[in-house]
Structures are given as structure tokens and as C-alpha cells.
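Student: Sharing a structure, written as C-alpha cells. Questions coming.
The values are calculated or read from the model by the stated rules, or taken from the named source; none is laboratory data. These figures come from a predicted structure and were not determined experimentally. Positions of Cβ are generated from backbone atoms using ideal geometry, with glycine treated the same way; all protein chains shown enter the neighbour counts.
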Amino acid sequence: MESVRPCGCKGIRTCLICEKEYSISKPNLAAELQEDFLSDEEAHSLINDLDSLPWEISQSGRRKQNYGPKCNFKKRRLRLGSFDGFPKTTRFVQEKFAKVPLLENFQTVEQCSLEYNSERGASIDPHIDDCWIWGERIVTVNIIEDSVLSMIPYRNLKKRYNLDYVSTQKLLDGDESLGEEPKFEDIVVRIPMPERSLIVLYGAARYSWEHAVLREDINSRRVCLAYRELTTPYLPNGSQSQEATEILEKATKFWI
């Protein structure tokens, strides 16, 4: 719509008046970005501590350190595996979550260190984190190197990522439409991820959009920590809580 509308907007520019009159849909992304979540000293110390632990080769040029239960997403099977808690040197990061209102009652059950290196062309393809076992809030702490999170509307809903399981979740805003196909034209939303920042995806950003880190957005070594919680049925008093009792107990431990 290139012509000037009565409200004065044209092209991609819109206001509430023309959005209602012309049924223009706008991206409804639920994400929280907190800059300077880590201090310079905390980030420097954290990188040194992570590098003292073994890194494993991962997909798409990445390396990882994964601490959490074993999950079979296809068969929806959960087991403890070798999970015995998290590195003690990373404990302070989880403790800082208590100061973020959106993360009230967030209990980490998976912590994953991810390294993206430009020399390896590291990236991660567009995806939605599994919805059967991982809860609504997806947390990333970007330790070193600025980057960008690219958000793409997901058009094949219910066919992947166990999106049918969203209906079992107790959602933050109670919006039952989450997980439905976005009703606007294909676009890409670019969310900056500054060094030392915290970002939380939830709501529409969690269930209706795929997120990716593109190769061209990695200019040097980037390291982040990703955190996940369990879905409502696996939490205490949930219908499948017994399966996760030992996992939740292990998730309170930090080893040296």
C-alpha cells in the first residue's frame, strides 16, 4: 500500500488508525532484552571458566557444553542420563535471574554453552525449540561478541517442533492463539544481541516464529549460555511430574 492514507501513513509505516481500517497486521513478538546483564568482569571470568571445561563439536560449525537431561523429542521420552547439575562457576548467572521479573519461578533444567566462530562459518538454522519438554521462556545470555537474532514467521505449524503440545502449557499471558500461523506477509525481524546482554523469548516469539543466528552475523568468536525450563505437565503437581522429580532435584546442584 504505497499511497498516502488519510492518517498520513504510507508504505510499511502504520499507526493504530490505518491498521484497524485496512486490517493491517503487525508482528506481535514477545521478547525481553536486557543490556549489561553481565558486567565486564563477570563476562571475562565466565569465559575463562567455560574454557577450562571440555568443549564438544556440534552442528553447523559450533561447539557446545551441554548440561541437562536426555530427551527423545520424536518419541517424547525423558530420562536423567548422566545429568548431575551444573558447573559451580556458572551458578551466579542463574542467581541473577531472580532480579528479572519475567523469569520469576524459572527453574533451569538445561544449560548449554554455545560457541560460534567466524573461522568455521558457525550459525544455527531457523528453528523453534521443542515444545513438548521445553517451557515457554527461552533464555540466552550473550557473553562475548555482539550478534543478531533473526526471527522468521513459521508457516508449517503443528507439523514440527511438537507444537501441538503448546495447548498443555500454562502460558504467561494465557493467549490460546499462540502457535497459530502469523497473519501477515513474510518478513524477517532482526533483534540485536549485544555483548553481555540477556534475551528472553516467550509468547508469540517462542511459538509462532523460528529464530536463527546467521553466518554473516558472526564476526569473531561469540559465546553464549542458553537456558531452558520444563513444560507445565513436568513441573511439580503436573500430570507427568513424577517423570521429572529426580531431574528437578539434580537441577538444583552445582558441582565444582
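Student: When you look at Arg190, is it of a type in the set (D, E, K, R), farther than 20 Å from Gly238 by Cβ, assigned to a strand (DSSP E or B) and at pLDDT 75 or above, yes or no? If you could, list the steps in order and put the result at the bottom.
Tutor: Values: of a type in the set (D, E, K, R): yes; farther than 20 Å from Gly238 by Cβ: yes; assigned to a strand (DSSP E or B): yes; at pLDDT 75 or above: yes.
Yes.
Student: Tally the residues that are within 26 Å of Ser220 (Cβ to Cβ) and outside any strand (DSSP E or B), restricting the search to the range 119-143.
Tutor: Here the count works out to 6.
Student: Further question: Just a yes or no: is a residue in the range 68-84 closer than 22 Å to Asp146 by Cβ, touching a Leu at 6+ places or on another chain (Cβ under 9 Å) and not acidic (Asp, Glu)? If you could, list the steps in order and put the result at the bottom.
Tutor: So the first thing to find is which residues in the range 68-84 are closer than 22 Å to Asp146 by Cβ, and the list is none.
No, that holds for no residue.
Student: From Asn48, Asn105, which residue is without any contact (Cβ under 8 Å) to a residue 12 or more places away in the chain and either of a type in the set (Lys, Arg) or not in a loop (DSSP other than H, G, I, E, B) (or both)?
Tutor: Asn48
Student: Specify which of the listed residues (Arg63, Arg91) is assigned to a helix (DSSP H, G or I), modelled with pLDDT of 95 or more and touching a strand residue (DSSP E or B) at 6+ places or on another chain (Cβ under 8 Å). Break it down stepwise before answering.
Tutor: On the way: Arg63 fails: assigned to a helix (DSSP H, G or I).
Being assigned to a helix (DSSP H, G or I), modelled with pLDDT of 95 or more and touching a strand residue (DSSP E or B) at 6+ places or on another chain (Cβ under 8 Å) holds for just one of Arg63, Arg91, which is Arg91.
Student: For the range 221-240, give me the residue count where each residue is small (Gly, Ala, Ser), farther than 20 Å from Leu103 by Cα and either touching a strand residue (DSSP E or B) at 6+ places or on another chain (Cβ under 9 Å) or surrounded by 15 or more Cβ atoms within 10 Å (Cβ to Cβ) (or both).
Tutor: 0
Per-residue answers, yes or no, for (1) in a loop (DSSP other than H, G, I, E, B); (2) buried (at least 22 other Cβ atoms within 10 Å of the Cβ); (3) of a type outside the set (Gly, Ala, Ser); (4) at pLDDT below 95:
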{"site": "Arg160", "(1), (2), (3), (4)": "yes, no, yes, yes"}
{"site": "Leu198", "(1), (2), (3), (4)": "no, yes, yes, no"}
{"site": "Ala212", "(1), (2), (3), (4)": "no, no, no, no"}
{"site": "Gln242", "(1), (2), (3), (4)": "no, no, yes, no"}
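Student: Could you tell me which numbered condition Ile152 fails, if it satisfies all but one of (1) surrounded by fewer than 22 Cβ atoms within 10 Å (Cβ to Cβ); (2) modelled with pLDDT of 90 or more; (3) part of a loop (DSSP other than H, G, I, E, B)?
Tutor: (3)
Student: Does any residue of the range 59-78 turn out to be aliphatic (A, V, I, L, M) and touching a Ser or Thr at 6+ places or on another chain (Cβ under 6 Å)? So that I can check it myself, show each step before the final result.
Tutor: The initial filter retains those residues of the range 59-78 that are aliphatic (A, V, I, L, M), namely 78.
Applying the additional criterion that residues be touching a Ser or Thr at 6+ places or on another chain (Cβ under 6 Å) yields none.
Scanning the range 59-78 turns up no residue that is aliphatic (A, V, I, L, M) and touching a Ser or Thr at 6+ places or on another chain (Cβ under 6 Å).
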